[in-house]
1. Fewest first, what order do B:Met100, B:Met334, A:Met19 take by the number of other Cβ atoms within 10 Å?
2. Once the other residues with Cβ under 15 Å from the Cβ of B:Gln428 are scored (Lys, Arg +1; Asp, Glu -1), what is the net sum?
3. Rounded to whole Hz and in sequence order, give me ³J(HN,Hα) for segment B:183-192 from the Karplus expression 6.51 cos²θ - 1.76 cosθ + 1.60, θ = phi - 60°, writing x for Gly and Pro.
4. With everything on Cα atoms, drop me the angle between helix B:89-107 and the longest principal axis of chain B, reported from 0 to 90° to the nearest 10.
5. In terms of the ratio Rg/(2.2 N^0.38 Å) built on C-alpha atoms, what value belongs to segment B:60-180?
6. Summarise the partner chain shielding of B:498-506 as one whole number: the mean count of Cβ atoms from other chains within 10 Å of each residue's Cβ.
7. What angle, in degrees between 0 and 90 and rounded to the nearest 10, separates the Cα long axis of helix B:119-149 from the longest principal axis of the Cα atoms of chain B?
8. Arrange the following residues from fewest to most other Cβ atoms within 10 Å of their Cβ: B:Arg155, B:Arg477.
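No value in this document is a laboratory result; all are computed from the given coordinates. No experiment lies behind these values; they were computed from the predicted model shown. Cβ sites come from the backbone with ideal geometry, for glycine too, and all protein chains shown count toward neighbours.
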Amino acid sequence: MSIIMSAIKKLFGIVWSLMGIGIIPLVIMQAMKEIAAKPSEENWIFWSIVIVVLMPIIAFSLITFGVFALKGEYDVIE
Amino acid sequence: MAKNVADSGQIEEVSSTRRVIAASSVGTLIEWYDFYIFGTLAKIISEQFFPKDNPTAALLATLATFAAGFVVRPFGALFFGRLGDLIGRKYTFLVTLVIMGGSTFAIGLVPGYKTIGFFAPAIVFILRLLQGLALGGEYGGAATYVAEHSPDGQRGFWTSFIQTTATLGLFLALGVILIVRHTLSVPVFEDWGWRIPFIVSALLVGVSIFIRMKMSESPMFAKMKKEGKTSANPLAESFKQKDNLKMVLIALLGATAGQGVVWYTGQFYALSFLQNACNIEFEQSNTIILIALAVATPFFVVFGALSDKIGRKYIMMAGMLIAVLSYKPLYQMMYDSANLKNKTEVVESTTVETKEAVKDTDNVITTVTNKTFTDGTTYKETVKQTIPLDAAKKAELAAAGKLKPETKKSVILPQSLFYKMIGIVFIQVIFVTMVYGPIAAFLVEIFPTRIRYTSMSLPYHIGNGVFGGLVPLISTRLVEATRPAAGLPPADPLAGLMYPILIASVSFVIGMLYISNKTNNMDVE
């Protein structure tokens, strides 16, 4: 595999990690804003699902994947 | 002579593989049927099991229950995946079938909210969770079982039959619902007839259990077990060992997450969009989806087989990319085709009929407006205003803003637009077949036999269950956010597409960068 491709994979590793980290405050702030504006049951249900289920999966998987990519774990994929 | 013996051996092998595929596919198809009838009847279920005061809340509550069914799928994947890697594929996916069938049958028997109050939604919720758990264990087992019976070089082709079951399950669910609804009348169907598709499941599951009981264990797993090489702790081996964990992550982020949203957008959001944004009548919208699914389903096998020749990666990635680029124009076309503002009304054919009746303690005024348009489209609007006879209660509801009329809109398209809609949905289902056809082969090939069931099930069910399963909930929410005020139409009916487009885009970039295009290698040990 070319050195350039390896560098691109590693560089994107930083992007995935930052995305994973960035999504946490973004989602929490949006949830707080919307629940404060309209504290209805449907708002609570929706944001609970997003914060408890979706956000941790996205954040954990992107951060871990990004770190692996940055370390060169995906330079050679069989 | 020797050639004849070799030929007969080959024929026997193909015939045996066909039997395995048929037996596995029937069971998986029925599990999908069970799972889908709940989602397809979401509106009726919300009226039966959740308080009716706020229809949007009731619908969202049902969607949340629907999502809960998807969210527990990864837990089912872990639980049954571990079991499948420890004791075997055959018995594990037999258990999942029994749990799924039992839960579905029971949902059909639960009394409504009016009869047993809060217990009704609580019981339905628990049964729905059980359905999710069972489905979480089923797919990985079936895909692994079939893959482990398939010869090298044909794994994409044979496993693609398992991939058709998810669509055929939806097809069967819609078909049974439409037949029952058509046979009974609409009011009878909405009163109790909706229970029939759930109860029918018992029969289908019974047949499937009988078929599966006769199946033998996967040859690869049986060999490993005989040699004492099975994993002692599949969960730890799958997710604590870096080499496996990194493959789980790449499978999730580079493949199943994008595949999941493309799948749910093409099959479910399309139906929801037809019914809620385009107001297409129930039967016509379901027929559009049914025909599109029927015509597109063989393409699962086409792309599965093609992936044996050119590799899994490029087919899946092409499906994601084309979907990302074309969703907005396709949905805009769907919206424009049904938008009454784009049509010319035949004013002289418009009829308005108002009826007033006393029902229990309320006065119910129903106004039905029928319109016809020059292109042949017909529109029916039913406005139902319920006003309490008791003046004090009426004043109380008026002050709380709860005297709003209930409006039902129903558009029936002429034949030309009906076929156009089928064409647009068909294109979306083709994207689904591209991303979903080769994915079972892709997943089974990146994990070793000793932990295959566990390792492939989790990314599959997170991708499909969580990322994909939340498409209806998140997309509905995104559209609702553009509604200027209650009762007014949303400013951007296509806003819901933002979620699948975003997830599929990220998945495409990750898949293109990090997934290799290998084919036909499966680690036996």
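1. In increasing order of surrounding Cβ atoms, one gets A:Met19, B:Met334, B:Met100.
2. Value of the local net charge: +2.
3. So the Karplus estimates, Gly and Pro as x, are 5, 7, 8, 4, x, 5, 4, 6, 7, 9 Hz.
4. In chain B, helix B:89-107 runs at an angle near 10 degrees to the longest axis.
5. 1.22
6. That works out to 1 on average.
7. For B:119-149 against chain B, the angle is about 30 degrees.
8. The fewest-first ordering by Cβ neighbours comes to B:Arg477, B:Arg155.
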